Amino acid sequence: MLVLFFLTFSISVSGQEINFGEYSSRYTTISPILIQPNLDFGTIAQNQGVKERDIDEAAIIELEGIKYLDVLVDIEVSSPFDTDGCDNTNCTLPFTLKAAYSNFGESNEVSAQNKVVYIGETTIDYSQQTGLLSTQFPILHRTSAPPGPPPTPDYEGRNLEAQKESAYLFIYGSVEASGLISGEYSTDIQVSIYYD
């Protein structure tokens, strides 16, 4: 009978430590570009039911940044759709926020729509005044290989322009009108984008 023994040792070492995440905060060259700034559902009629805007009618933001860095994206709706500042249930619409991104090196938003990663969805109504979708992804999609080395620290004379790539963010969704006031409804969607 053959018996093998494996021994493991844990050694605690203290000393100098490099926090590579600290370097990414030095990059300030992320540029959100509003390609299609509005998500427009048009005039809402009473008892109209669900009115949807799919990804081909989405609000679109191009993110231009350092291709090997990850970005954190928060998409927040601070209130349900309402009309003329009304703040009661008779003049608000439930809004289902959906979002997706494309980071596959596409040259424009049209080709990027054909290759997206779905982020998720959240519904905001009168009882739930806010909704948030969050995600993290690299500006340029990594293949199935393991992650690359930590980011190179920024230094004087380094050409960060040569390291830029674009990713696209799509914001879309649906509203539901049943027995409510007809008219124009609106809300604000806040998008926060920053490097990890």
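Points worth noting:
- Per-region count, region 176-192, residues surrounded by 17 or more Cβ atoms within 10 Å (Cβ to Cβ), at pLDDT 75 or above and assigned to a loop (DSSP other than H, G, I, E, B): 2
- Scan of region 44-70 for residues that are buried (at least 20 other Cβ atoms within 10 Å of the Cβ), of a type in the set (Val, Ile, Thr) and modelled with pLDDT under 90, ordered by number: ILE66
Results for (1) surrounded by fewer than 15 Cβ atoms within 10 Å (Cβ to Cβ); (2) out of contact with any Leu (no Cβ under 6 Å at 6 or more places or on another chain); (3) closer than 19 Å to SER174 by Cα; (4) modelled with pLDDT of 85 or more, shown as yes or no for each residue.
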site	(1), (2), (3), (4)
SER107	yes, yes, no, yes
ALA112	no, yes, no, yes
ILE119	no, no, yes, yes
THR130	yes, yes, yes, no
ARG142	yes, yes, no, no
PRO147	yes, yes, no, no
ARG158	yes, yes, no, no
GLU161	yes, yes, no, no
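- Criterion: on the phi < 0 side of the Ramachandran plot, polar (S, T, N, Q) and under 15 Å from the mean Cα position of the chain (by Cα) - qualifying residue of SER102, SER111, SER79: SER102
- Against the conditions (1) assigned to a strand (DSSP E or B); (2) farther than 11 Å from PHE170 by Cβ; (3) without any contact (Cβ under 8 Å) to a residue 60 or more places away in the chain, THR96 satisfies every one except (3).
- SER79 meets all of the listed conditions (1) modelled with pLDDT under 80; (2) farther than 23 Å from SER192 by Cα but one, namely (2).
The values are calculated or read from the model by the stated rules, or taken from the named source; none is laboratory data. Predicted, not measured: the structure shown is a model, and the values here were computed from it. All Cβ positions, even for glycine, are placed from backbone atoms using ideal geometry, and neighbour counts span all protein chains on display.
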